[in-house]
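Comments concern the structure below.
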Amino acid sequence: MAECLSEIPNTAGPITAKEELLDECESIWRQMEECQNKLMLLGAETVLPSDAKLSLLMLQWKSLTADYHQWQAKNPELISTNPDVLLELGKEELQKVKNDLEMVLSTVRSKNKQLEEDLKREQQWYEEQKQMLDTLNKIEEEANTEVEQPSPKREFDEMKNKLLKLKAYKKELLSALSEFLDEHFPHPANNENINIENLCARPGVQLLTLKEILEILINKLMSTPHEPYITIKESFWPPYIELLLRYGVALRHPEDPNRMRLQAFHK
């Protein structure tokens, strides 16, 4: 209270209000000291006989109980009703709240900016990987077509070697992609920023990683291209499903929102 009053402007009204409030505080403090002295005197009374002491304690208990109910029913009163004091204190509290909110707003803006930059980098990486995968699939398709056509043995061997190298490169690329997914999109239970209790709707459900979900989508598309949709199960973590749908990696069924398929990048 003293710190708040020390910052009140040096105008005639606020100074008078400050002095008035300090006088009231000193008066209340003197009353508290008198009550404390009375309590100390009561504590120093001579020990009475057991019956008389019991009666005295009962009277004190009844008095304290009455005081308790009286204070409980009493509404708190302001130390001062001077409008100048209340106005200055209110201004100072509002200024503190304003400063705190500005600090929170600055922190949130900084965090959002960092998240936007991370999102742009992830989108750029995704586009590059998508183009590379499309190119490799096209090369592999052309190589398979050329190998199936009749050709001399030497040309066939050369094409076969190229195809083996291409498959080896594809395997390395998929391995690198798998490592990337394991590092940046781990199992939800291994993420320290996620509350374990909120991972899934029902306890006991084993959530899948993003890599496992992609493997299921790819295998379904390759095994049954005429029916590539899979059912979204409880083991599919919703944020990973939203990630795949938002960036076009997967598509929902037009009639059943609980089913999805892998985007046909090879077409």
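For region 201-247, the set of trypsin sites (Lys or Arg not before Pro) satisfying both a DSSP loop assignment and a count of at most 15 other C-beta atoms within 10 Å is given as 233.
A Förster distance of 22 Å, applied to the separation of the beta-carbon atoms of residue 19 and residue 93, puts the FRET efficiency at 0.55. Rolling a 1.4 Å probe over the protein heavy atoms gives region 201-267 an accessible area of 62 Å² per residue.
The lysines within cross-link reach of residue 62, meaning a Cα-to-Cα straight distance under 26 Å and a gap of 8 or more places when in the same chain, are 38, 53, 74. Count Lys and Arg as plus one, Asp and Glu as minus one, and take only other residues whose Cβ is under 14 Å from that of residue 182; the net charge is then -3. What the Cβ-Cβ distance of residue 72 and residue 35 gives, at R0 = 22 Å and to the nearest 0.05, is a FRET efficiency of 0.75.
The values are calculated or read from the model by the stated rules, or taken from the named source; none is laboratory data. Computed from a predicted structure; not experimentally measured. When we count neighbours, we look across all protein chains shown, and the Cβ atoms used for this are built from the backbone with ideal geometry, even at glycine. Heavy atoms of the whole protein, side chains included, go into the accessibility calculation; ligands, DNA and RNA do not. Shrake-Rupley method; radii C 1.70, N 1.55, O 1.52, S 1.80 Å.
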